[in-house]
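Data first, discussion second: the structure below is written as structure tokens.
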Amino acid sequence: MTEAFRKIRFKFLYVCAGSALLSALLMYVLYRTSAYVYASDLPGSALFAKLVNWLINHIGKIPVGLLVGGMLFLLGFYYRSSKIKDDVVRLLNASIVEPCETDAKKEEN
């Protein structure tokens, strides 16, 4: 039984580490893409530049990055861990032992 819990813990640890790496990679891509759009003269980039300026001036670059990175991590972890959770719930439902008829008769007496 402890081996099963150890496997589940390692699966969740794997999902957690994978979600952290994936969110870090996505944050880097978003940072580089937004820096390119901010510096370019693409049509419609003026609104993006105003939004970025407002976020940096009012909230700050690091808190916005932490907030977006945290949200990406939570979304990734929730999505990737739902399969493990469903497997555990299915195993727990299958392991429930129904009382047999002889046990019910003993309780009546």
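For Ser34 and Leu75, calculate 0.36 nm times their separation in residues minus their Cα-Cα distance, and state this gained length in nm to one decimal.
Taking 0.36 nm per residue and subtracting the Cα distance, the gain is 12.7 nm.
State the number of lysine pairs found in the stretch 2-108 whose Cα atoms come within less than 28 Å, restricting to pairs 8 or more positions apart or on distinct chains. Write out the running numbers ahead of the final one.
Values: Lys7/Lys83; Lys7/Lys85; Lys11/Lys83; Lys11/Lys85; Lys50/Lys61.
For the stretch 2-108, the number of qualifying lysine pairs is 5.
Stretched out fully, how many nm does the piece from Trp54 to Ser82 gain, at 0.36 nm a residue minus the Cα gap?
Contour length minus the Cα-Cα distance gives 6.5 nm.
So which helices of the chain fit the span-like rule, where a helix is a whole DSSP H run, its Cα atoms reach 27 Å or more along the axis, and its mean Kyte-Doolittle is at least 0.5?
2-39, 61-95
Hey, what number do you get for the chain at 222 nm if only DSSP H runs of n ≥ 4 count, each worth -39500 (n - 2.57), divided across all residues, to the nearest 500?
So the helix-based figure for the chain works out to -30500 deg cm²/dmol.
Towards the positive end of the charge dipole of the chain, with charges on Cβ (+1 Lys, Arg; -1 Asp, Glu), say which of Ala17, Val64, Ala35 has the farthest Cα.
Positive-end residue among those listed: Ala35.
Given Cα positions, please report Rg to Rh for the chain, the hydrodynamic radius being the Kirkwood one.
Values: Rg = 24.7 Å, Rh = 18.2 Å.
In the chain, Rg relative to Rh is 1.35.
Nearest 0.05, what FRET efficiency do Leu67 and Ser95 give at R0 = 30 Å with Cβ-Cβ as r?
0.15
Starting from the Kirkwood Rh over alpha-carbon pairs, what translational D in µm² s⁻¹ does the stretch 3-51 have by Stokes-Einstein at 20 °C and 1.002 mPa s?
After rounding, the answer is 160 µm²/s.
Rounded to the nearest 20 debye, what is the charge dipole size of the stretch 2-108 about its Cα centre when +1 sits on each Lys and Arg Cβ and -1 on each Asp and Glu Cβ?
That gives the stretch 2-108 a dipole magnitude of about 580 debye.
Rule-based calculations on the coordinates, nothing more; no lab input. Since we're looking at a predicted model, the values are computed, not measured. Cβ: placed from backbone, ideal geometry, glycine included. Neighbour counts: every protein chain shown.
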